[in-house]
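Below: one structure, written as structure tokens.
The values are calculated or read from the model by the stated rules, or taken from the named source; none is laboratory data. Note that the structure is a prediction, hence the values are computed from the model and not measured. Here Cβ is always computed from backbone atoms with ideal geometry, including for glycine, and neighbour counts include all displayed protein chains. The accessibility values were calculated without ligands, DNA or RNA, using every heavy atom of the protein model including side chains. Shrake-Rupley method; radii C 1.70, N 1.55, O 1.52, S 1.80 Å.
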Amino acid sequence: MTIAYPSNQSLQTPLTVSPPSGAPRPRLTFLGTGYLGATYAICFAEMGYDVLGFDIDEAKIAKLAAGEVPFHEPGLDELLRKNLGTGRLRFTTSYDEVADFGDVHFICVGTPQRADGLAADLSYVESAVTGLAQRLHRKALIVGKSTVPVGTAEWVEDMVRRLSPPEATVEVAWSPEFLQEGFAVEDVLRPNRVIFGVKSEWAQAMLYAAHKGVFDLAQTEDREVPIVVTDFATAELVKVAANAFLATKISFINAMAEVCEASGADVTQLARAIGYDPRIGNKFLRAGLGFGGACLPKDIRAFQARAQELGVGEALRFLHEVDLINIRRRQRVVQLAAELLERPNGPAGPDLSGLRIAVLGATFKPNSDDVRDSPALSVAGKLGRTGATVVVYDPEGLANAERELPDVHYAKTLSDAVSRADLVCVLTEWEEFRNADPVALAELAAGRRVIDARNCLDQAVWVRAGWVYRGMGRPALT
Ligand code: UGA
């Protein structure tokens, strides 16, 4: 029963549900104020909702309440301060306050990879739902946004049924999110689709009312936001399937990069050429160091683990290969470094002791300070283990990187990192690196060797400035 309809068409279900709190618009809470929940809380306040953000982390909540976003996301600081000022946005560490305030409660907590295997750790979901459900005293809708294994929504519904008072008839829905770090504000205000996994017309209408700001904004801009109304299992799968597809697309082009390396072809031209086919498309076809972050890597692993449990492990066996291709790219940079520095690549890896390597980029992608499962940081660690002196610079991720990988050196500026370096490795495609002047950097470096692990530099310009350049999946230009 999947129906898709544009935002400006009338719903099949009654649109006019009254929020149980008696407020004219549903009052929204977001449990978990990490990258996901904080962005949602702030953006929904911006759309005019009364919003309460919740986290068990007191320091995080104190920062947010003081107008400081605890992570780097372009545009979010301004929106936070603006909406705190309107009084529509507040933050708390009290479950009681959340239960008293909200009509629709969004669960936005993390679901990291479990320490003992590939599966997702659902303990944060469990504690958020438990903490909330037992304090609810009137009807409400609990909506899962966290990325979860299929079947979790049913489990949450069972928990809610057991813990909340029966007369409150609390309901559950699932509505996955698709925001990308670095573009999170835009992705929340202007999503390319919304998914409603629901079991009742009340839940569907309530979820619609909770997203009406998104549809109204779309209407003023003459856009449509497709809604897919579906069951719990499909809604949960939409998210993991989308991330599995994106990861597969990246690993596909990185597999092509391996073939290009062996055959002398250029993967950047190959990607451009196949991307012109609208059935393939040119997005997410950038070969390089592969995917990282808190989502794609752990999501494809948890998806495989869940498929195994469901007895369809074979169907997702290719995701194991996707993971392996992705991880292989990291070692390729070390191999290239050894080649460029003319040190033999022995069975225990190359010995690069006595050499200085500038690592440009620590975050898993630009415009973020997130270093979780960052390919750049992983390579910095590997280079450090070759005996080289590794000096890392990142425009936003230094504090997180230093905590995560304390045993390399960190520089405060790009120039400091490159000074006296025998090799420069560009591992995250920050604009600052793409626009850097290779002539000026050549004056600072001890050796003019550069590995462009994100294929983001202008090869010809760097070569003209005297650098020996190596990209990923590209022939060496002389
Ligand atoms: C990803 C998805 O893109 C979002 O839709 C999803 O909502 C989110 O995960 C999530 O599950 O919450 P994000 O982790 O912010 O978003 O990052 P992406 O933009 O997808 O990039 C992931 C990694 O792939 C980065 O390390 C990036 O450098 C790499 N990548 C991306 C490539 O190597 N090549 C490409 O062509 C594109």
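Values for this structure:
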item	result
For the chain, projected area of the alpha-carbon convex hull averaged over all directions, nm²	24.0
Backbone HN-Hα couplings from phi across region 422-434 [Karplus 6.51/-1.76/1.60, Hz, Gly and Pro as x]	7, 8, 10, 10, 8, 10, 9, 8, 5, 4, 4, 7, 4
Difference of contour (0.36 nm per residue) and Cα-Cα distance, GLN180 to LYS199	4.0 nm
Charge-dipole axis of the chain as Lys and Arg at +1 and Asp and Glu at -1 on Cβ define it, positive-most pick from LEU64, CYS43, ASN282	ASN282
Mean separation of Cα contacts under 8 Å, 6 or more apart, over the residue count of region 157-248: relative contact order %	32
Whole-Hz couplings from phi, Karplus 6.51/-1.76/1.60, listed for region 234-243; x for Gly and Pro	5, 4, 5, 6, 3, 5, 5, 5, 4, 5
Between 0 and 90°, nearest 10: helix 375-384 axis offset from the chain longest Cα axis	40
Ordering of 105-113, 56-64 by burial proxy (mean other Cβ atoms within 10 Å per residue, highest first)	105-113, 56-64
Accessible area in the full protein assembly, largest first, 1.4 Å probe, for SER368, SER200	SER200, SER368
Candidates per GluC sites (Glu not before Pro) in region 312-343, loop by DSSP, up to 14 other Cβ within 10 Å	GLU342
Exposure rank, largest accessible area first [LEU398, LEU118; 1.4 Å]	LEU118, LEU398
J(HN,Hα) series, region 261-278, from Karplus relation 6.51 cos²θ - 1.76 cosθ + 1.60, nearest Hz, glycine and proline x	4, 7, 10, x, 8, 10, 5, 5, 6, 4, 4, 4, 5, 6, x, 5, 6, x
ARG279, ARG356, reordered so the largest accessible area comes first (probe 1.4 Å)	ARG279, ARG356
Hydrodynamic radius by Kirkwood, which averages 1/r over all alpha carbon pairs of region 320-478, in angstrom	15.4
Nonlocal amide H pairs with ARG420, under 5 Å, H built at 1.01 Å	ALA445, ALA446
Dipole magnitude of the chain, debye to nearest 20 (Cβ charges: Lys/Arg +1, Asp/Glu -1, about Cα centre)	700
ASP222 - accessible surface, heavy atoms, 1.4 Å probe, Å² rounded to 10	140
Straight-distance crosslink candidates among lysines, where the alpha carbon sits under 18 Å from LYS139 and sequence neighbours closer than 8 are dropped	LYS199
Protection proxy ranking, peptides 294-303, 344-353, average beta carbon neighbours within 10 Å, highest first	294-303, 344-353
